[in-house]
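What follows is a set of notes on a single structure, which appears directly below.
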Amino acid sequence: MTLGTVIEARLRAEFAPLELTVRDDSADHAGHAGAREGGHFHVTVVSHRFTGLQRVARHRLVYHCLSDLMQRGIHALSLDTRTPDER
């Protein structure tokens, strides 16, 4: 199972998203010093769980869901978190 697949499975379980994309951008960062420390990912999540929350609170929820992976596998994580009304 790839790290991208693990990220996707966790986010699906935690946020029951209406839309979810996990893009592995690691190849774009080959040779970058941090590339040895883990992958670079861009994640878009559209979920009702974000309703009423500011962007920082939404990102904290995602980081909490993936916290152990941030220590061992994810070097960089770009987030786009939206409610269904913000699609």
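The values are calculated or read from the model by the stated rules, or taken from the named source; none is laboratory data. Computed from a prediction, not measured in an experiment: that's the story for all the values here. Neighbour counts run over all protein chains shown; Cβ positions are idealised from the backbone, glycine included.
Descriptive notes on the structure:
- Within the range 56-83, residues that are at positive phi sit with their Cβ atoms under 7 Å from residues that are aliphatic (A, V, I, L, M) and buried (at least 16 other Cβ atoms within 10 Å of the Cβ), at 6+ positions apart or across chains, in these pairs: Gly73/Leu3.
- Residue selected from the range 50-78 under the condition surrounded by fewer than 17 Cβ atoms within 10 Å (Cβ to Cβ) and basic (Lys, Arg), by the criterion nearest to the chain's Cα centre (by Cα): Arg60
- Taking first residues from the range 5-33 that are acidic (Asp, Glu) and surrounded by fewer than 15 Cβ atoms within 10 Å (Cβ to Cβ) and partners that are outside any helix (DSSP H, G or I) and at pLDDT 95 or above, the Cβ contacts under 6 Å between residues at least 6 apart in sequence or on separate chains come to Glu19/Val46; Asp25/His42.
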